[in-house]
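Quick notes on the structure that follows.
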Amino acid sequence: MEMHESEARLKKEISFLGLVAVFVGMNIGGALFSLTIVGARITGPSLPLAMILASIPALLALVPYSMFSTAYPTTSATYRYCQLLNPKLAFVAMFTLLLCMLVGAQPLFALTFGQYFIEFFKEGMDPDQVKFAAVLIGVGVLAFFYLVNLMGIKFTAQLQTILFLVMMAALVFYVVLGTPYVRAENFTPLFPNGVGKFVAATGMLFTFCAGGLFAVDLGGEVIDGSKKYKKALITGMAMVVIIYVLIHIVTVGVFPYRSLEQGDKLIKVAKSFMGQGFLNFFIICGALVACATTINMIFTIISRGFVVIAGEGLFPRLIGKVNERTGTPYWGLTFIFIVCAASLLILTSPFVTMGEKDPTTIFGAMTNFGLIFPITVVCIAGAIVPFKIDAIYKKSRYKMSKKKVAIVSWTAAVINTIIFLLLCMLMIASGLLLTVAMFFAFMVISAAYYYTRVMILKKRGIKPPGRPVIK
C-alpha cells in the first residue's frame, strides 16, 4: 500500500502489550462507566445477556479484521480496508466516523470523566453547578490528553499500558467485592421492558466490544504488526467479553434496576457494597482511568485518519502534517481538541439537549452509529475482497478458507445492520430523533464533501485516490 510522506514519519513504537492495552482501553473504557446504567435501565436484569448478544457481531468481525491486519497492518487501516471494497464508500464511512467521534465519543468520555471526578468536590454545590463543573473538567481532560499525544506515540502507548493495568485492577476489585452481594431475586423479571427493548439495547452496547477493533488503525506504528495482530485481537476480545459480563452480573445482581434513575452512574452501585476507601480507589483507578484510556486512544486514532486522508489530498495537507522528531500529527491533534471541546460545551447546553438532565444517551448513540457503519463496510470487504485481490488472502496469517471468511463476514455485516436499525428505533422511541437525523446528516455531509473535493482535485489535474495497490 502506498505510504505518503507524513505517514512515513510515524514511528513503530507499539509493542504487543501496548497493542492489547489499546484494544482493551478502546473497549473497557469510558463506555463501561457512561453507558452501563443506560443499558441497565433499558434491559433490566437481562443486561449480561444483552452484553453477550452485543458481542457476537464484534466476535465475528474478528475474522475479516484479523485477515486484513495480519496481511497488511497499516495506518488508518479501517479506511484502507474499506477502500479495497470501494474508495467512495470508504471515505463516506471514514468521514462519518470521524464526525461521530468528534461530537459523540470524545465528548461522552470527557463528560463522564468530569462527572466522576466531581464526586469528590460536589458537596454544597447545586445540581447546575455540578453539571457545569463536570463539563469544565471534561474540557480539561481533553486538553491534558491532547498534550500527551503531542509528545509522541511511544510515550502515549507507554502511558496507555500503565493506565490499562491500573484500570484492570480496579475492575477486578469491583467484581470480587460485589459478588457476595449479588441476590437472585434481583434477576426477576428477566425482561421487564419486553424482549424488543432487550434486543434494541444491543445497539447501545455495541461500542462495548466494537471500539477495540479500531486498534488496527495504528498498524503502521506497531512493531512487527503482521505477526502480532491476530493474537492481540483475540486476547483483547476474550478479556473484554469476560470482564464485561462479570461486571454486568454484579451491577444488576446487587442493585435493583428499578432504583436506577436517568443520569445515574456505576458509582451508585459501587457505593452499595464498597467502603469509602475502596470506593475512592474504584472512582480514581476505575472510572477516571477507564475514561482516560479511551480519550487518549481516540486522539491517537482519529489523528492518524487525518494523516492518511490529508496525504491523499482529500483534506488540506496541513491537517495531516507530522512532526519529524516526535512522529506526531500536531495540527490534526489540535483540530480534534478544538472540535471536541466545542462539541462538549455546545451539546451539553440546555438548548441542544432539549431539557435532558444528562446527554449521555445522545453521545452514546452517536458513538455507536459511527462505529457500526465502517465496521460493517470492513466486514463486507472481508467477504468480497479476498476473491478479487488474492494477495490479501495469501499474505494473511489468519488461515481460514475464503468461503468461510465470506460466510462469517456476511453474517457479521447482516447482524450489524439489524443492530443499527434497532438502535434507530430505540432512539426514535425515546424521543431522540435528533441523534438519528444527525447521523444521516453526517453521511450526507461526508458524501457531499467527497464529491466536491474530488471535483477540485480533478480541476487541478490531480487524480483522486482509488483502491490501494496490493503487491
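Once label points are set 7 Å from the Cα along Cα→Cβ at both Leu345 and Asp128, what is their separation, rounded to one decimal in nm?
Taking the simple label geometry, Leu345 and Asp128 are separated by 1.9 nm.
Taking 0.36 nm per intervening residue step and subtracting the Cα-Cα distance, what contour gain separates Leu165 from Ser226 on full extension? Present the calculation step by step, with values, prior to reporting the outcome.
Details: separation 61, 0.36 × 61 = 21.96 nm, distance 2.47 nm.
Here the segment from Leu165 to Ser226 would lengthen by 19.5 nm.
For Thr75, Thr376, which order do you get if you count the other beta carbons within 10 Å of each Cβ and list the fewest first? Walk me through the numbers before you get to the answer.
Numbers: Thr75 26, Thr376 23.
Going from sparsest to densest Cβ surroundings: Thr376, Thr75.
Where does each of Arg304, Arg460, Arg41 land when they are ranked from fewest to most other beta-carbon atoms within 10 angstrom? Don't skip to the end; give the middle numbers.
Details: Arg304 28, Arg460 8, Arg41 19.
Final ranking by Cβ density, sparse to dense: Arg460, Arg41, Arg304.
Post the alpha-carbon centroid distance, segment 205-253 to segment 67-85, in whole angstrom.
18
Which of the lysines could be linked to Lys197 by a straight reach, that is with a Cα gap under 25 Å, when you skip same-chain ones fewer than 8 residues away?
Output for Lys197: Lys265, Lys268, Lys357.
Go ahead and collect, in residue order, the members of segment 289-326 whose backbone nitrogen is under 12 Å from a label point 7 Å along the Cα-Cβ direction of Ala143.
none
Can you give the extra length, in nm with one decimal, that the chain gains between Thr334 and Lys402 once fully stretched, where that is 0.36 nm per residue apart less the Cα-Cα distance? Walk me through the intermediate numbers first.
Details: separation 68, 0.36 × 68 = 24.48 nm, distance 4.21 nm.
In short, 20.3 nm is gained.
Can you compute the modelled spin-label distance between Asn323 and Leu190, with each label point 7 Å from Cα toward Cβ, in nm?
Distance between the two pseudo-spin positions: 5.5 nm.
For a paramagnetic label modelled at 7 Å from the Cα of Ile470 toward its Cβ, which residues of segment 226-243 fall within the zone defined by backbone nitrogen distances under 19 Å?
The answer is 226-231.
In the structure shown, do any of Lys11/Lys231; Lys230/Lys395; Lys11/Lys228; Lys321/Lys395 have a Cα-Cα gap over 20 Å, and if so which?
Values: Lys11/Lys231 22 Å; Lys230/Lys395 13 Å; Lys11/Lys228 17 Å; Lys321/Lys395 31 Å.
Cα-Cα > 20 Å for Lys11/Lys231; Lys321/Lys395; rest within.
Among Trp331, Trp410, rank each residue by its count of other Cβ atoms within 10 Å, from fewest to most, as a rough exposure measure. Write out the running numbers ahead of the final one.
Numbers: Trp331 20, Trp410 17.
Fewest to most other Cβ atoms nearby, the residues stand as Trp410, Trp331.
Relative contact order for the chain: what is it in percent, counting Cα pairs under 8 Å that are at least 6 residues apart? Numbers along the way, then the final one.
On the way: 814 pairs, mean separation 167.9, N = 471.
Averaging sequence separation for qualifying contacts and normalising by length gives 36 percent for the chain.
Would you mind calculating the gained length between Ala238 and Ile462 on full extension (0.36 nm times residue separation, minus the Cα-Cα distance), in nm to one decimal? List each step's numbers first, then the result.
Working: separation 224, 0.36 × 224 = 80.64 nm, distance 4.53 nm.
Stretched fully, the Ala238-Ile462 segment lengthens by 76.1 nm.
Wrap a convex hull around the Cα atoms of the chain, take a quarter of its surface area, and give that in square nanometres. It would help to have the intermediate numbers written out before the result.
Working: hull surface 82.4 nm².
Averaging across all directions leaves 20.6 nm² for the Cα convex hull.
None of the figures in this text is laboratory data; all of them are computed from the coordinates on show. Remember, it's a predicted structure, so these values are computed and weren't measured experimentally. Cβ sites come from the backbone with ideal geometry, for glycine too, and all protein chains shown count toward neighbours.
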